[in-house]
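Novice: Here you go, one structure.
What follows is calculated from the coordinates using simple rules that are stated; it is not laboratory data. As the structure is a computational prediction, the values presented were derived from the model and not from experiment. Positions of Cβ are backbone-derived with ideal geometry, glycine not excepted, and every protein chain shown enters the neighbour counts.
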Amino acid sequence: MKKKTTSVLRLLAAVASLAILGAVTSTLHAEDAVPAPTPIAFADAPLKAQTAYLQAALTNGDPTATNIAPVAIAGHTAWMMISAALVLLMTLPGLALFYGGLVRSKNVLSILAMCLGITGLVTIIWWAVGYSLVFGTNFASPYIGGTEFFFLKGIDSAPNTSYAYWIPQNVFCIFQLTFAIITPALIFGATAERLKFTALMAFVGLWMFLVYFPLAHMVWGATGLMNGVWNADAKIPAIDFAGGTVVHMSSGWSALILCLLLGKRVGHGKEPMPPHSLVLTMIGTGLLWVGWYGFNAGSALAADSIAANAFLTTTIATAIAAFVWPLLEFMLKGKPSVLGMCSGAVAGLVVITPAAGFVDSTGAAIIGVVAGVVPYFAVTVLKGIFKYDDALDTFGIHGVGGTVGALITGVLVNPAVNGNLVSDAYAAKNGLKAAIESHSLLVAQAKAAGITIALAVIGTLIITIIVKLVIGLRPSVEAEHQGLDITDHGEEGYNH
Amino acid sequence: MKKIEAIIKPFKLEEVKDALSDLGIEGMTVTEVKGFGRQKGHTEIYRGSEYTVDFLPKIKIEIVVADSALEGAVAAIVKTAKTGKIGDGKVFVLPVENAVRIRTDETGDKAV
């Protein structure tokens, strides 16, 4: 027991030293601030400026030319607070029930504990350093954010105009936190029923630093490498509306590597391991779907026309995929299953995620069909060929679906639904506009996908080896037979 | 005294119980059980994983009757539980040495 405690402390120390390293590096990259003109108060501005400012506020426009400082606007702020709550609902209890129903009853609590435990751990890291490492800019680095927001210093209800003009930065911070919570939680579908809780938490602590924070900064940070829409200096002008790369590819590919290193469940392929409650899984699916409106439509960061389009595309793609998957089952196996309908819905949500604010309804319909077909074959055929134990199909749905989504977004992108795709301020400077107009965005999307896979695979390899050496990954065979609920948590899901 | 153990299809329980009640049989013990005989199980598919489920849900009825009531009770069970399809179940009859009603200390036929 004492040895274990020391090991955990050693891990924590490693995490802390990473943070300190970041702080030190930041001083080396101190950036020269460009002096901005002194903003004037709304009441003192000329009428024309006031009108322009109000129009920008109502339509989520850029008010810089009016020289009046943007403030939190009721409608946008209300929608973003609801969206943040909706995305948290995806984890608690959406994903908890979706995954919880798919495991055997002796492991249901291990899934709930995973979702709750990650919510706590990631929130602590996010508050301390995470938000800053993703959305800070004082490293002026394409790969990682900065130190200026450590411990949420200076984060209040004023907007951070690098990301959104009309919503408070504290709401933006919480909205992004809910993404940082669900992403690692997705991974542990692949490793369900056989990964120790201590190992899981240690993995998450390291994974946030090595994989999530750099990737989220590269894709969404104001100085990010692959932030085609909002970084004029982006080297790779790729687009990812709500997290196809950051959330689904990163978790899906990490899940594949972790489940390969972890090995199969005891008795896998020999004894039946059917889901213990598809009713819970269906409830979880419904909550994920509803919560995903916050995820996708909320990623417009305003209650504007782009959010409205994302709401539409999310619905169309998801509903079609939820229909196509069981249709394939019906044609190939004879019976359309409830799990097939649920899987299709989640696959549709995954594949539309990077595209939601960038494609029109026709694009969404195409995505729905692709999402019903490709992940279906990934979980029914691909998994059988390579014989890895991706217990709840995190790789098959999120890894494969996320990759397909990232690539297909480059093909189906339509600037008519989102003017930011061809903006003079950013897209014209970094090559995004040119790529869209020459129909060659797929190249940048493929590069972004490649970087995401490399980061997820290498990061997960390193972290898994560290956690295996320091804590160990698996419970004893006897404990695994008994179930993780009793051995890891000392309680049972169902007492009857 | 004889004990009747009948394994029947679950949906036939109400009919069998009513038929036995009509004969004046005043008590029974019912258990949900799983098993298989000549009836095949079924296949369940969860995404890519297929499982053959051999054990099918059945109901086991246990009653103890006086020798005089045995024939009628067995006939009533067989008649009401029959669908004519495979998987209808079986009826077993076993000898019982004695019985005691705990509340009254009555023994033998009076106790059942």
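Novice: I need the trypsin sites (Lys or Arg not before Pro) found in the stretch B:29-88, filtered to DSSP loop residues with at most 15 other beta carbons within 10 Å of theirs.
Specialist: On the way: sites: B:Lys34, B:Arg38, B:Lys40, B:Arg47, B:Lys58, B:Lys60, B:Lys79, B:Lys82, B:Lys85; in loops: B:Arg38, B:Lys40, B:Arg47, B:Lys82, B:Lys85.
Sites meeting the loop and neighbour criteria: B:Arg38, B:Lys40, B:Lys82, B:Lys85.
Novice: Evaluate the relative contact order of chain A (contact order divided by residue number), counting alpha-carbon pairs under 8 angstrom at least 6 apart; express in whole percent. Present the calculation step by step, with values, prior to reporting the outcome.
Specialist: On the way: 965 pairs, mean separation 103.0, N = 496.
Here the relative contact order equals 21 percent.
Novice: Using Cα pairs under 8 angstrom and six or more residues apart, how large is the relative contact order of the stretch A:95-161, in percent?
Specialist: Answer for the stretch A:95-161 is 21 percent.
Novice: Tell me which aspartates and glutamates have Cα within less than 17 Å of B:Lys3's Cα, excluding those fewer than 8 residues away on the same chain?
Specialist: B:Lys3 reaches B:Glu26, B:Glu62, B:Asp67, B:Glu71, B:Glu97, B:Asp109.
Novice: When A:Phe377, A:Phe358, A:Phe149 are ordered from fewest to most other Cβ atoms inside 10 Å of their Cβ, what list results? Each step should come with its number before you reach the end.
Specialist: Numbers: A:Phe377 15, A:Phe358 28, A:Phe149 24.
So the ranking, lowest neighbour count to highest, is A:Phe377, A:Phe149, A:Phe358.
Novice: While we're looking at this one, here's another question. Quick one: 3J(HN,Hα) in Hz for the stretch B:24-39, Karplus 6.51/-1.76/1.60 with θ = phi - 60°, rounded, Gly and Pro as x.
Specialist: x, 7, 9, x, 7, 10, 10, 10, 7, 10, 10, x, 8, x, 7, 5
Novice: Here's a follow-up. With a 10 Å Cβ neighbour count serving as the proxy for reagent exposure, in which order, fewest first, do A:Ser361, A:Ser141 appear?
Specialist: Numbers: A:Ser361 14, A:Ser141 20.
Least crowded to most crowded, the residues run A:Ser361, A:Ser141.
Novice: Below 18 Å, Cα to Cα, which aspartates and glutamates can A:Lys447 reach? Residues fewer than 8 away in the same chain don't count.
Specialist: Candidates past the 8-residue exclusion: A:Asp233, A:Asp240.
Novice: Highest GNM mean-square fluctuation, chain B, Cα pairs closer than 10 Å: which of B:Gly41, B:Gly27, B:Gly89?
Specialist: B:Gly41
Novice: From the phi angles alone, apply the Karplus equation (6.51, -1.76, 1.60; θ = phi - 60°) to the stretch A:262-270 and give each ³J(HN,Hα) in whole Hz, x where the residue is Gly or Pro.
Specialist: Coupling constants for the stretch A:262-270: 6, x, 7, 5, 4, x, 4, x, 9 Hz.
Novice: Run lengths n ≥ 4 of DSSP H only: what is the helix-derived mean residue ellipticity at 222 nm for chain A, with -39500 (n - 2.57) per run over all residues, to the nearest 500? Write down the numbers at each step before the final one.
Specialist: Values: 21 runs with 285 residues, N = 496.
Dividing the helical sum by the residues of chain A leaves -18500 deg cm²/dmol.
Novice: Taking Cα atoms, how many degrees apart are the long axis of helix A:74-89 and the longest axis of chain A, rounded to 10 and kept between 0 and 90?
Specialist: 10 degrees
Novice: Any idea what angle helix A:441-470 forms with the longest principal axis of chain A, computed on alpha-carbon atoms, 0 to 90 degrees, nearest 10?
Specialist: 50 degrees
Novice: Enumerate the whole-percent occupancy of each 10 Å bin, from 0 to the last occupied one, for all C-alpha pair distances of chain B.
Specialist: Using 10 Å bins, I get a P(r) of 13, 39, 27, 13, 6, 2 for chain B.
Novice: Expressed as an acute angle from 0 to 90° and rounded to the nearest 10, what is the orientation of the C-alpha long axis of helix A:361-377 relative to the principal long axis of chain A?
Specialist: Helix A:361-377 sits roughly 20 degrees off the main axis of chain A.
Novice: Using the 10 angstrom Cβ neighbour count as an exposure proxy, how do A:Lys429, B:Lys9, A:Lys196, A:Lys387 rank, fewest first? Each step should come with its number before you reach the end.
Specialist: On the way: A:Lys429 15, B:Lys9 19, A:Lys196 22, A:Lys387 9.
The order, fewest Cβ neighbours first, is A:Lys387, A:Lys429, B:Lys9, A:Lys196.
Novice: Using a Cα-Cα cut-off of under 20 Å, which lysines could be cross-linked to A:Lys387, ignoring same-chain neighbours fewer than 8 residues away?
Specialist: Of all the lysines, those that pass the test against A:Lys387 - Cα under 20 Å, at least 8 places apart if same chain - are A:Lys264, A:Lys270.
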